[in-house]
Amino acid sequence: DPEILDEQPRSTYYPWRKTLVRMVGPRGYGALRVDRNRFKLTPLEQTRLGRLRVGVIGLSIGHAIAHALAMEGLCGELRLADFDTLETTNLNRLPATVFDIAQNKAVLAAQRISEIDPYLEVAVFPTGFTTENADEFMSGLDVVIEECDSLDIKILVREMAKERRIPVIMATSDRGLFDVERFDLEPDRQPFHGLLGETRLADLAGLSTTDKIPFLLKVLEASEIST
């Protein structure tokens, strides 16, 4: 289309690589990059999905999810939250290298994504998802993908998502469990599908990690956990 052909090229600077990249403009680059999605997604679907605002909390497993969303052009904005830094033991599942050890996981994911699509809006929350930044992180999101380890944060995410009618998705490694909570369609649904009953974030205050295990076993449904 003329609006693509007449678009001025741009230059993108990547400070961590000390490299300037000359490339086509955002419309042309977007059309080229997802060109092979044709017939897998209709143009209307690609456009609609490409406008989604997605939050990803926990950038170990979340890294792969955020990366896939960016590659397929399935979001228009990503918000990445993780306080943790890369360790050697993370290299069995994170596409990072020894040069990245000790760097923040959310920053690493954002850098990798921006090297795929510098036009995709990415916000980084290097302190993780907290009570202090939760409102900023959640504001205007279309979906939250929760992949963190903390039970407290898992509950906080769902309490806030329920208030704002934002769906929450979670994947776990055990049994390949894929959890979907459609607070947008079912605003009265209890967090974790009611598996924790009336338990709220305040109920966990002051509890040790050991004390939280019974709550976690309810969420995972202990009788169904793999050997």
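The values are calculated or read from the model by the stated rules, or taken from the named source; none is laboratory data. Computed from a prediction, not measured in an experiment: that's the story for all the values here. Neighbour counts run over all protein chains shown; Cβ positions are idealised from the backbone, glycine included. Heavy atoms of the whole protein, side chains included, go into the accessibility calculation; ligands, DNA and RNA do not. Shrake-Rupley method; radii C 1.70, N 1.55, O 1.52, S 1.80 Å.
What is the magnitude of the charge dipole of the stretch 103-227 about its Cα centre, with +1 placed on the Cβ of each Lys and Arg, -1 on the Cβ of each Asp and Glu, and no other charges, expressed in debye to the nearest 20?
180 debye
Keeping all protein chains in place and using 1.4 angstrom, which order do 136, 146, 221 fall into by accessible surface area, from largest down?
The residues order as 136, 221, 146, largest area first.
On a 1.4 Å probe surface of the protein chains, which of 173, 11 comes out largest in accessible area, and what is the full order?
173, 11
To the nearest 20 debye, what is the magnitude of the charge dipole of the chain about its Cα centre, counting +1 on the Cβ of each Lys and Arg and -1 on the Cβ of each Asp and Glu?
Dipole about the Cα centre, nearest 20: 680 debye.
Scan the stretch 24-133 for GluC sites (Glu not before Pro) in coil per DSSP, keeping those whose Cβ has at most 13 other Cβ atoms within 10 Å, and list them by number.
Within the stretch 24-133, the qualifying GluC sites (Glu not before Pro) (loop, at most 13 other Cβ atoms within 10 Å) are 87, 132.
Roughly how many Å² is the accessible area per residue of the chain, as a whole number, for a 1.4 Å probe?
Each residue of the chain exposes 58 Å² on average to a 1.4 Å probe.
Name the aspartates and glutamates eligible as straight-distance cross-link partners of residue 105: C-alpha to C-alpha under 19 Å, and not fewer than 8 places from it in the same chain.
Partners found: 77, 82, 84, 87, 115, 117, 121, 146, 147, 149.
Gain in length, residue 72 to residue 173, computed as 0.36 nm per residue apart minus the alpha-carbon separation, to one decimal in nm?
34.1 nm
Along the charge dipole of the stretch 1-149, which of 134, 114, 29 sits closest to the positive end, that is, farthest toward it, with unit charges on the beta carbon of Lys, Arg, Asp and Glu (+1, +1, -1, -1)?
The listed residue farthest towards the positive side: 29.
Would you check the accessible area of residue 63, probe 1.4 Å, heavy atoms only, in square angstrom rounded to 10?
Probe radius 1.4 Å; accessible area of residue 63 about 10 Å².
What length, rounded to one decimal in nm, is gained on full extension from residue 119 through to residue 44, with 0.36 nm per residue of separation minus their alpha-carbon distance?
25.0 nm
Determine how large the accessible area of residue 130 is when every protein chain is in place; take a 1.4 Å probe and give Å² rounded to the nearest 10.
30 Å²
Can you check what the net charge comes to around residue 223, using other residues whose Cβ is under 14 Å from the Cβ of residue 223 (Lys, Arg +1; Asp, Glu -1)?
-1
Taking a probe of 1.4 angstrom, what is the accessible area of residue 127 in Å², to the nearest 10?
90 Å²
Can you pull the percent of the chain's accessible area that's carbon plus sulfur, 1.4 Å probe, other chains left in place?
55 percent
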